[in-house]
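Remarks on the structure that follows.
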Amino acid sequence: MSSANSGEGKEENTKPIEGHLLERLVQFSMFLRENGLGVTTAETLDVVESLLLIDITNKELFYHATRAALVKRSEDHALFERLFARFWTGERSENPAGRVTQTAEDAEPPVKSVNVNPAESVMQVRTQRIAAAGADSPSGADEGGNTRKQLLAFYSPAETLGRRNFRNPSADSALLKRSLKRFARKMATRPGRRLIPSETGDVDLRRTFRAGLRSGGQFVSLERRRRKISKSKIVLVCDISGSMDSHSDQLLQLLYYSCNASHRTEVFAFSTRLARLNRYLEGRSLGSASRLISENVNFWSSGTRIGSALGTLLAEYGGSLRSSTVLVIVSDGWELGDLGILESNLRSIRRSVNRIVWLNPLADNPGYEPLTAGMKTALPFIDVFAGLKIFKDRREFERVLGKSIAPQSPAI
Amino acid sequence: MKSTEELGRVFEQAKYVADPSILTTVYLALKLGKPLLIEGEPGCGKTELAKVLSEAFGSKLIRLQCYEGLDSSSTLYEWDYLRQLLMIRMEENKKTTEQLKQSIFSEEFLLKRPLLDAVLDDGPKPPVLLIDEIDRADEEFEGFLLEFLAEFQVTIPELGTLKAKHRPLVVITSNRTRDLGDGLRRRCLYLYVSFPTPEKELRIVKLKVPEVQGRLARQVVELMAKIRSLDDVVRKPGTAETLDWVSALVALGRSELDAPLAEQTLSCVLKSADELAHLKGERLASLLSGVKAGAEGRK
């Protein structure tokens, strides 16, 4: 990253940033926005102000200053690094040292060029699929062999990137909404282990006697206690790979209603990579949420790598996997990645969370048996295994998820 | 403070090892007067950074430790009811109601909590306000904080509006147990501190535990890197644990790490019974021999 080159800074002085550099900075913000980093105008102003304060001919300072002002999530840092390199060096210089190295693990979507026609950029209405290598080749052609390596790192036979639009996301959702609200509410209000003083509940003898002392040994009132409410958290991880395509409308509803049922819910979607979706869903209408998702999530219908997705979950969002967390995984278990990774990551997760619930749409079919390799690997770590039908039948829902609602200390 | 180099020297004096990303971000936060949001693994020096800043600039450190259920009365102010009652008892025969009101609703009877403290601070230098582990507080508090950070003023109905003399330097830390809102993120400069590289960690160890011998420090640091990379270690130990471990070994008077010693003192690093059980015995020994073989290879 330190080798990222700020070609612009050289001829400009530290005094007012104007003209060409200012223009390029605004372009850079737009470029980041186009590629999925939520940069606001206020932050663009910040970056301009920041650059007045530092020596912009120092590439390293330039890099860190723009990053501190524009990127506010550590999980976006890798993407920013790539976009930074692409924007400030990739477009003009042939200098291979200026490029960031990249490994196959953090393969990200190909970056979009800034000068696309806004009308046909993100507002696509149809489902579009972009083969990763294909979309990237025009800029790769003029950049020499090094880039080709980078291209290969992007490309995986299983990774077909795509966006998805939703036909009628609001159909038949009332029941789902009710079930999920109920689930979320139960999760947020389940009785924990500790006891606290209360108006109602069992008689608390210790406090009753103590209060009795005050009135000279006469028990004037009975003190009571109840269990303290332990607020649990739901983390929903939803598979949106190609094999789940036929359920995508239902998945969107599931993501949307779980996210909005309680603010203790975090929702993620994964196929070949994993993204947190709360910012597209929270506090919006279902319609605008589905539009935002289809604009911003570009890995629908890609391959399935549950293991590495769970790895990302552990590494980036490990903090939300706590002993009070119920992890809900929605997937059909067609794992294309390494089963060893899946197993070791599930084992780590098993140790940090309270419950793991696995919902498999295939389990709704009569006679289904979890025989796929991925599912077989996962089963020993799962507390509750069920289909998606449980959201359509209230009694079934209570029967299956009731188990995960009951309080229990985390399994080690 | 003229440049990042100068800030680097300040950090060096305060025994804080800072890389360019930390330097640049802190420098900009100082210059732009924006809050600094620090996220990262536990035990990697987030809180330490705020402490170092206050120490280095000789300004007051005001700390607000967040927890679930934190509300405005424990962050802003409370009236000292007991003393107010006492005052009324003592003075009720001498003063009129109006006079009493005047006297009991004065700053004297105000219990200042951290945020008000930061506003009222009249030291020569702006204080450092450390809002620690904000992810533990509720989302409602985050919203309240946003408003406070924008204005740096507190309105007390009985006294009027109090405004900060100079803007405190605000440092907010988060362990990411909950995702923070975009609103807060937008208003802050963002810094992510992860586990240090072995080279950086070695510098930290030598700076913080100067009596340690070079070889021991290197062994511990490299072993720590290996332990962190293990999949089944869920709670990754931070720099704080490294320092604990090195101090413990120095206290035992050792200059080299061997397998039995590492096993006896491993509880400085791993704080859960099953992780300790997993790693003890052969696995630890093989990690350690890997570290030693690496050192041989370098020679």
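Counting neighbouring beta carbons within 10 Å and listing from fewest to most, the residues B:E201, A:E295 come out as A:E295, B:E201.
Need one value for B:24-32: mean number of C-beta atoms belonging to other chains within 10 Å of its residues' C-beta atoms.
On the way: counts 14, 6, 1, 7, 12, 2, 1, 5, 7.
Other-chain Cβ atoms within 10 Å of each residue's Cβ, averaged: 6.
FRET efficiency for the pair A:L222 and B:T96, taken as 1/(1 + (r/R0)^6) with r the Cβ-Cβ distance and R0 = 51 Å, rounds to 0.65. For region B:118-153, applying the loop criterion from DSSP together with a ceiling of 13 other beta carbons within 10 Å to the GluC sites (Glu not before Pro) yields no site. Per-residue ellipticity at 222 nm, computed for chain B from helices alone with -39500 (n - 2.57) per DSSP H run of at least four residues, works out to -15500 deg cm²/dmol.
Using the Cβ-Cβ distance between B:S74 and A:H77 with R0 = 35 Å, the FRET efficiency computed as 1/(1 + (r/R0)^6) comes to roughly 0.55. Region B:81-105 to region A:269-322: how many Å between their Cα centroids? Rounded to whole Å, the Cα centres lie 60 Å apart. Peptide A:261-270 shows a mean partner chain C-beta count of 1 within 10 Å per residue C-beta. Its Cα gyration tensor gives chain B an equivalent ellipsoid; the semi-axes, largest first and in whole Å, are 47, 22, 18. Database remark: amide H of A:L236 closer than 5 angstrom to the amide H of A:E266, A:V267, A:F268, A:V328 (H placed geometrically; neighbours at sequence offset of 5 or more, or on other chains; Pro and chain starts carry no H).
With a Förster radius of 51 Å applied to the C-beta separation of B:A285 and A:D364, the computed FRET efficiency comes to 0.50.
Protection proxy ranking of A:214-223, B:285-294, by the mean of other Cβ atoms within 10 Å over each peptide's residues and highest first, is B:285-294, A:214-223.
For a straight C-alpha distance cut-off of 22 angstrom, the lysines reachable from B:K34 (same-chain residues fewer than eight places away being disregarded) are A:K15, A:K72, B:K2, B:K46, B:K51, B:K60, B:K125, B:K163, B:K165. Under 15 Å Cα-Cα from A:K228, which aspartates and glutamates qualify once same-chain neighbours fewer than 8 residues away are excluded? The qualifying aspartates and glutamates are A:E199, A:D202, A:D204, B:E68.
With neighbour counts taken as other beta-carbon atoms within 10 Å, the residues A:M375, B:M90 rank, fewest first, as B:M90, A:M375. Each residue of region A:359-372 was assigned a 3J(HN,Hα) from its phi angle through the Karplus curve 6.51 cos²θ - 1.76 cosθ + 1.60 (θ = phi - 60°); the sequence is 9, 10, x, 5, 5, 6, 6, x, x, 6, 10, x, 9, 5 Hz, with glycine and proline shown as x. Shielding of peptide A:339-351 by partners, expressed as the average count of other chain Cβ atoms within 10 Å per residue Cβ, is 2. Neighbour counts of C-beta atoms inside 10 Å place B:E296, B:E12, A:E282, B:E222 in the sequence B:E296, B:E12, A:E282, B:E222, starting with the fewest. Under the simplified labelling scheme, the A:Q27-B:K60 pair shows an inter-label distance of 5.0 nm, with each label point 7 Å from Cα along Cα→Cβ.
The overall shape of region B:97-236 is prolate: from the C-alpha gyration tensor, with semi-axes ordered a ≥ b ≥ c, the ratio a/c is 1.5 or greater and a/b exceeds b/c.
The numbers here are math on the coordinates, done by the rules we state, and not lab data. Values in this document were obtained by computation on a predicted structure and should not be read as measured data. Note: ideal-geometry Cβ built from the backbone for every residue, glycine included; neighbour counts use all protein chains shown.
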